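The values are calculated or read from the model by the stated rules, or taken from the named source; none is laboratory data. Keep in mind that this is a model prediction, so the values were computed, not measured. As a convention, Cβ positions derive from the backbone with ideal geometry for all residues, glycine included, and neighbour counts pool all protein chains shown.
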Amino acid sequence: MSFKAFETDDFVVSADSVTAGLWTGNQPILTTFITSSTQVASSNGNYYYNVYNSSSLTDIQFAITYGNINGSGSQNYDDAVNGKSPSSTIWGQYRTLVLGDENSNFSFGGTTGSDIWAISIDRNRYKESLLPGSTTLVLENGANYLYLTDNSLAVTTVEFTDAGRVFQLVSGSAGVIDTTNANGYSATKGSYGWFLPDISTYILNPQALNETISLNPARNSAISNTDDNNATLYDAIVDGGSFTANSQETITSDFIFVRPRSSEFNYSENPSFISGSTGEVIYSDFINNPQVYITTVGLYNDNSELLAVAKLSKPLLKDFTKEALVRVKLDF
Amino acid sequence: MGYLNNSVVTVDAILTTRGRQLLAQNDGSFRITQFALADDEIDYTLYNPTHPSGSAYYGQALQNMPLLEAFPDETQIMKYKLTTLPRGTAKMPILDVGYTNIVIKQGASLAITPQTLNYLGGNQSETSGYTATISDIRTMSTFEGVGINTADATALNSATTTLGTNVSATVVGTTINLRATTVNTLFGSNTSLNATLVITGRDSGARIQVPITVTKVS
């Protein structure tokens, strides 16, 4: 027989977390931030800016956007209808996505406001989610600067929104909180925002940023392009010069244990194992003491169809005095 | 394709083309239930039972050889299976299908009834039958196995074929019936089509590969 049936305890399912740098090339730190003048000048530039890692504009790294509950900070769609503008659209979009309830408001460490900045990581950069505790975002405005991270390493109870886990953005680096103010929050305006790892989004609290580094969005509806609130945050990120984060992915693996016993799989149908056309084994020693070398493990279904295959890194000697145990990993 | 790093034991499996196809069908046919071992790439003529340094060195030329990574084409891997036979076996089972290569005209039929030589004390048809895999099912309008009526063989022989796609097909039987395609468009400007037929004894593990040429009639 050349096939052997698996037993129930030959299968083990495992889920392992794999982390990597977030940015292009699995780099954990992004230091160059470029926008496309074409995208910024286009109609969707009224909603968001795409940020690239090089002037070749090949790989989008993240998008910056601004939302305001009153539609302030961007021009109304129609002069006759006040309060309906790209910023109110963005506000509604993130409120629906994160809070799910049109009557809810973002509460940043107890402080609510009327507007947000959001940083949304491009889908191609992360595998499944962002890794909590890995973020360091530096914002700089004039002589003021701020290091932001999330408080995931400090909290004992994780909070959830409609968009999954939520952590507060606080002053600090790589998950380590700067406790100049309590909890790493701003002095009186709560936390600096929310970190939503499951939708790979950061939501920033403009009130706290204004209090700490005087980074303040324009909040009028007759705003000109030079006052674009997306550009305001973009400039602060460029001046800060460093955005560090990791991605995270859970890989589910099947571990399958292949157990050829001592009396099994000791002869080979390899043509070089056979001498001549009548099937004699190549060496007389092989009649009672065959030596074969396992190189390949094939996994089959009941119909003997080859579904998956694994190669050993080097041949494994098998004879009547040896048993083998090979662990095969199959990722999905 | 590259060489595997042989400084550590690595056994990451990849899905074969057929495995991906069955996984995509999502009908429960992708269910690993058994395994086989093979010694593809091993050349036993390199084994040296007269090595002057003794028996510890007989397999010197084989045991540290670097191995190639796995191929996803199920017809190109697991070619030479290891098999379980009684100790003292002097002759290995080998298959005889009556052909070393098959040339068949477009639309013509052929029945192949393999025999296993040197198996269980003689030459015989194996009780569990034979697995036959054709590398490109498009070349055949009929490709079926008959003579084995177990549930798994019936399921395999009635499996849906992915039409128009260059994929392999596998059937089980004691006799394999072929009928070459009548479709002219498959030939294009060529006068023949080529494929390979791999037949494996389900009990013995003996294997034979036969090239098939389908010649265009008109």
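At a glance:
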{"read-out": "Subset of the range A:112-130 [surrounded by fewer than 21 Cβ atoms within 10 Å (Cβ to Cβ) and touching a Pro at 6+ places or on another chain (Cβ under 8 Å)]", "value": "A:G113, A:S129"}
{"read-out": "B:A153 within 14 Å of chain A (Cβ to nearest Cβ) and either on the phi > 0 side of the Ramachandran plot or among the hydrophobic types (A, V, I, L, M, F, W, C) (or both)", "value": "yes"}
{"read-out": "Filter result (of a type in the set (V, I, T) and either facing chain A (nearest Cβ under 7 Å) or crowded, with 18+ Cβ neighbours inside 10 Å (or both)) within the range B:73-103", "value": "B:T75, B:I77, B:T83, B:T84, B:T89, B:I94, B:I102"}
{"read-out": "Failed condition for A:T58, given (1) more than 14 Å from chain B (Cβ to nearest Cβ); (2) crowded, with 18+ Cβ neighbours inside 10 Å", "value": "(2)"}
{"read-out": "Filter pass, B:G122 being modelled with pLDDT under 90, loosely packed, with under 14 Cβ neighbours inside 10 Å and more than 8 Å from chain A (Cβ to nearest Cβ)", "value": "yes"}
{"read-out": "Any pair with Cβ under 9 angstrom, 6 or more apart, that starts in the range B:107-128 at a residue that is within 30 Å of B:T185 (Cβ to Cβ) and ends at one that is outside any strand (DSSP E or B)", "value": "B:G107/B:T181; B:G107/B:T182; B:G107/B:V217; B:A108/B:V217; B:L110/B:Y99; B:I112/B:V97; B:I112/B:G98; B:I112/B:Y99"}
{"read-out": "From B:V167, B:V183, residue being away from chain A (no Cβ under 14 Å) and modelled with pLDDT under 90", "value": "B:V183"}
{"read-out": "Selection within the range B:96-126 - closer than 18 Å to B:A195 by Cβ and assigned to a strand (DSSP E or B)", "value": "B:I102, B:V103, B:I104, B:K105, B:S109, B:L110, B:A111, B:I112"}
{"read-out": "Among the residues listed as B:T154, B:T181, the single one being touching a residue at least 12 places away in the same chain (Cβ under 8 Å) and not charged (D, E, K, R)", "value": "B:T181"}
{"read-out": "Residue match in the range B:58-72 (condition: charged (D, E, K, R) and buried (at least 18 other Cβ atoms within 10 Å of the Cβ))", "value": "no"}
{"read-out": "Hits in the range B:32-65 (condition: under 21 Å from A:S313 (Cα atoms), at the interface with chain A (Cβ under 9 Å from one of its Cβ atoms) and out of contact with any helix residue (DSSP H, G or I) (no Cβ under 7 Å at 6 or more places or on another chain))", "value": "B:F35, B:A36, B:L37, B:A38, B:D39, B:D40, B:E41, B:Y58, B:G59, B:Q63, B:N64, B:M65"}
{"read-out": "Residue match in the range A:41-59 (condition: free of Cβ contacts under 8 Å to residues at least 60 places away in the same chain and of a type in the set (V, I, T))", "value": "yes"}
{"read-out": "Matching helices (runs of 4 or more DSSP H) fully within the range A:201-301 where at least 2 residues are modelled with pLDDT of 90 or more and within 8 Å of chain B (Cβ to nearest Cβ)", "value": "A:285-288"}
{"read-out": "From B:T142, B:T50, residue being out of contact with any Ser or Thr (no Cβ under 8 Å at 6 or more places or on another chain) and loosely packed, with under 14 Cβ neighbours inside 10 Å", "value": "B:T50"}
{"read-out": "Exclusive hit being touching a Lys or Arg at 6+ places or on another chain (Cβ under 7 Å) and either facing another protein chain (nearest Cβ under 8 Å) or closer than 18 Å to B:G201 by Cβ (or both), set B:T116, B:T131", "value": "B:T131"}
{"read-out": "Hits in the range A:1-47 - residues which are aromatic (F, W, Y) and more than 14 Å from chain B (Cβ to nearest Cβ)", "value": "A:W23, A:F33, A:Y47"}
{"read-out": "Flag for A:W117 being under 21 Å from A:Y234 (Cβ atoms), assigned to a helix (DSSP H, G or I) and either of a type outside the set (K, R) or within 14 Å of chain B (Cβ to nearest Cβ) (or both)", "value": "no"}
{"read-out": "Those residues of the range A:294-332 which are among the small types (G, A, S), in contact with a Leu (Cβ under 6 Å, 6 or more places away or on another chain) and surrounded by 20 or more Cβ atoms within 10 Å (Cβ to Cβ), in sequence order", "value": "A:G298, A:A308"}
{"read-out": "Residue within the range A:231-251 that is more than 44 Å from the chain's Cα centre (by Cα) and of a type in the set (S, T, Y) present", "value": "no"}
{"read-out": "Test: B:D136 is touching a residue at least 24 places away in the same chain (Cβ under 8 Å), more than 12 Å from every other protein chain (Cβ to nearest Cβ), surrounded by 15 or more Cβ atoms within 10 Å (Cβ to Cβ) and touching a strand residue (DSSP E or B) at 6+ places or on another chain (Cβ under 6 Å)", "value": "yes"}
